[in-house]
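Encoded as structure tokens, the structure appears first; notes follow it.
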Amino acid sequence: MSAQGTPSAAGRTAGESKATPKGAWTITFLLFLFMVVNFADKIVVGLAGVPIMTDMKLSAEQFGLLGSSFFFLFSISAIVVGFIVNKVPTRWVLLALAVIWALAQFPMVGTVSFTTLLICRIVLGAGEGPAFSVAAHAIYKWFPDEKRTLPTAILSQGSAFGVILAVPALNWIIVNHSWHYAFGALGIVGLIWVAAWLALGKEGPLEDTHVSAAAEPKIPYLQLLTSRTFIGCVAATFGAYWALSLGLTWFTPFIVKGLGFSQSQAGFISILPWVFGATIVMLTGWISQVMMARGYNTRAARGVLGSVPLVIGGLILAMMPHVQGAGLQIALLVVGSGLCGAIYVVCPPMLGEFTPTSQRGAVLAIYGALYTLAGIIAPAVMGATIQRAGSTLDGYMTGFTINAVIMVGSGLLGLLLLWPNTERARLTRGAAPQAAALNGAVSPG
């Protein structure tokens, strides 16, 4: 069974595919840079974790709270903005988000209290909560369904490249100047992106949300949000985001305090998970589109392809406490956590398969809001685990074991629940009578 199309495209035959408009890849590149800035903003606290803890005399639990604070308003903001982009052009929403990111960095340039740092991270999280969902919604206005996996992979790559490009530069600023100036540099970069988007950003021509709202049948949000594929996407990505949020907050402190590397050495080592993760993301996007071109349904080409790496990654991560040597432990952490990247590529297109265009922004945002709750929990759990452990290294190993169990469980739930092709058929059948009744009511007598 073909797994292409959305409810709004039900009238098209499988052979009728929209062409990709001119300028689509320019917008994709700009939104890739948007995510680069997004993740550079996220990583700076973890990268500067040891200097921040030293200067501000923070305990492991306090630093865990700081890492979690970024996500306090993350989910709420994602949901609110998700409904806004159902009505407001994504061009202006993306611009507003980027301005908030930039302005939230500048208070850290001078002397700052723990409270001020905490508040700025909360504000930044509120601005960044909707980022990926809104960017994906914007890109899907430029690509038809069967061509969305690769641009989604490129968008997801922004997270990896945000770290790969930012870590050496930010770490150099931290080592040679101060962690305060690293925040200021990110604020300036954010304003540069704002200027570029003002000049080049456009709304995609393939979908008009207002026209879609009038022309296509609506599916009740309760049905969309309780569909097994939606639940499966949230569960699977929750496990992946647990690993990601630990990487953002605790990877560099683990390298320095747990394994004894210097801050300079840790800066280069901190790039490794993101390089590996970037490779996984691009491979997943390419393999998925090749599978779909060869006739695989999206259960296989998206659901299974995204879930299996989570299970394998969790099993690899579970080996960390049982091996000796810093090099081998780092390798297991890099590979185990890096495999999580596959799920980010496949879930947004799966949700886009069965969600009407006029509701997609909200559904993607709610999905993002739910799975990123892991970002509130994971850094705090790791901090509390380290604080209560017999030794710092034992605390880290226990924390990574918890991560491994969550990854395996979330991957298994993904394998069980992700059936986007049959989900679309079921929801479309439910929407068809509604559309027929609406057409009958408004047609001339």
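The values are calculated or read from the model by the stated rules, or taken from the named source; none is laboratory data. Being a predicted model, the structure only gives us computed values, none of them experimental. Here the Cβ is made from the backbone with ideal geometry for all residues, glycine too, and neighbour counts use every protein chain on show. Surface areas here come from the heavy atoms of the whole protein model, side chains and all, with no ligands, DNA or RNA. Shrake-Rupley method; radii C 1.70, N 1.55, O 1.52, S 1.80 Å.
Provide a single number: the residues in region 42-77 that are surrounded by fewer than 20 Cβ atoms within 10 Å (Cβ to Cβ), touching a residue at least 60 places away in the same chain (Cβ under 8 Å) and either touching a Gly at 6+ places or on another chain (Cβ under 6 Å) or of a type in the set (D, E, K, R) (or both).
Count: 2.
What number of residues within region 98-112 satisfy the criterion of being within 18 Å of GLY201 (Cα to Cα) and either over 21 Å from the mean Cα position of the chain (by Cα) or open to solvent by 10 Å² or more (accessible area, probe 1.4 Å) (or both)?
2
Inspect region 127-134 for any residue being in contact with a helix residue (DSSP H, G or I) (Cβ under 7 Å, 6 or more places away or on another chain) and surrounded by fewer than 15 Cβ atoms within 10 Å (Cβ to Cβ) and give the result as yes or no.
no
If you take the residues of region 301-335 that are free of Cβ contacts under 8 Å to residues at least 24 places away in the same chain and open to solvent by less than 30 Å² (accessible area, probe 1.4 Å), which of them is nearest to the chain's Cα centre (by Cα)?
Checked region 301-335; the qualifying residue nearest to the chain's Cα centre (by Cα) is LEU332.
What tally of residues in region 82-97 results from selecting those that are of a type in the set (Lys, Arg) and within 22 Å of the chain's Cα centre (by Cα)?
Total satisfying the criteria: 1.
Do you know which of the residues in region 55-78 that are among the hydrophobic types (A, V, I, L, M, F, W, C) and part of a loop (DSSP other than H, G, I, E, B) is nearest to ALA126 (Cα to Cα)?
Per the stated criteria, the residue is LEU73.
Residues that are closer than 15 Å to VAL334 by Cα, out of contact with any strand residue (DSSP E or B) (no Cβ under 6 Å at 6 or more places or on another chain) and of a type outside the set (Ser, Thr, Tyr): does region 180-188 have at least one?
No, the conditions are met nowhere in region 180-188.
Every residue in region 113-159 that is basic (Lys, Arg) and not in a helix (DSSP H, G or I), please.
Matches in region 113-159: LYS141, ARG148.
Scan region 29-41 and tell me whether some residue there is open to solvent by 60 Å² or more (accessible area, probe 1.4 Å), within 30 Å of VAL194 (Cβ to Cβ) and either at pLDDT 50 or above or under 24 Å from the mean Cα position of the chain (by Cα) (or both).
Yes, region 29-41 has at least one match.
ILE164: part of a helix (DSSP H, G or I), at pLDDT 90 or above and β-branched (Val, Ile, Thr), yes or no?
Considered against the rule, which asks whether it is part of a helix (DSSP H, G or I), at pLDDT 90 or above and β-branched (Val, Ile, Thr), ILE164 comes out as no.
From (1) in contact with a Ser or Thr (Cβ under 9 Å, 6 or more places away or on another chain); (2) at pLDDT 90 or above, pick out the condition that doesn't hold for ASP145.
(2) is the only condition that ASP145 fails.
Got a sec? Which of ALA342, ALA374 is modelled with pLDDT of 90 or more, under 14 Å from the mean Cα position of the chain (by Cα), among the hydrophobic types (A, V, I, L, M, F, W, C) and more than 23 Å from MET282 (Cβ to Cβ)?
Unique residue meeting the criteria: ALA374.
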